[in-house]
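Encoded as C-alpha cells, the structure appears first; notes follow it.
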Amino acid sequence: MTGSGVPAEAAAEMVAALDEVMSACILGLYRSAVPNAHAGWGALAQAATPAPGLILVPADDRVDDEERSRQVADRLRARVAVLDGMNHWWMYDRTGKVASVLEGFWATAG
C-alpha cells in the first residue's frame, strides 16, 4: 500500500483489515449496488452540464487515464485540475493542496 502512495499509518490500518473476504466484499458491493449509481454516468457524460464541474487528475495515478479525463472534461465543459506528484490515493497525500484546489474551484463556481 505504501508503494502505491498510501501514508504508512493509513496503509497499516488498511492492510490490517484487508483479506480475501474483505476484497471480495468490496468488489461485490461496487458491482451489486442497486440502483447502481455509476450505471448511467457514461450516458450522462456526453454533453455539458448547467453546473460548473471539476475533474481531478492525479498525475502519478497508474490506473487513471489523463487523456480520457480531459476528454470527459471537454464534453462536460468542466475544468481540469492536475494534482502534480499525487497518485490514486491523493486523498491521503498533501490534503492541504487538494483542499486549496477544491476551495479555489468553489470560490469561482458560484
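State log₁₀ I(q)/I(0) for region 47-110 at q = 0.20 Å⁻¹ as given by the Debye formula over alpha-carbon point scatterers of equal weight, solvent excluded.
So the normalised log intensities are -0.80.
For region 62-75, just list the computed ³J(HN,Hα) in residue order, Karplus coefficients 6.51, -1.76 and 1.60, θ = phi - 60°, integers in Hz, with x standing in for Gly and Pro.
Listing the rounded values in order: 6, 9, 8, 10, 4, 4, 5, 4, 5, 5, 4, 4, 4, 4 Hz.
How much net charge surrounds residue 48 when only other residues with a Cβ under 12 Å from its Cβ are counted (Lys, Arg +1; Asp, Glu -1)? Write out the running numbers ahead of the final one.
On the way: positive: 75, 77; negative: 74.
Net local charge, residue 48 excluded: +1.
For the Cα atoms of the chain, what angle does the longest principal axis make with the long axis of helix 20-32, in degrees from 0 to 90, nearest 10?
Relative to the chain, helix 20-32 is tipped by roughly 30 degrees.
If one computes P(r) from the Cα atoms of the chain, what percent of pairs lie at distances over 17 Å?
Values: 4017 of 5995 pairs.
Here the long-distance tail beyond 17 Å is 67 percent of all Cα pairs in the chain.
Amide H to amide H, which residues 5 or more places from residue 83 or on other chains are under 5 Å from it, using H placed in the peptide plane?
Hits under the 5 Å cutoff: 57, 59.
Any idea what the relative contact order of the chain is, in percent, if you count C-alpha pairs under 8 Å spaced at least 6 apart?
Numbers: 101 pairs, mean separation 31.5, N = 110.
Computed value for the chain: 29 percent relative contact order.
Read-outs throughout are calculated quantities, based only on the coordinates presented, and are distinct from any laboratory measurement. Here the structure is a predicted model, which means the values were calculated and not measured. Positions of Cβ are generated from backbone atoms using ideal geometry, with glycine treated the same way; all protein chains shown enter the neighbour counts.
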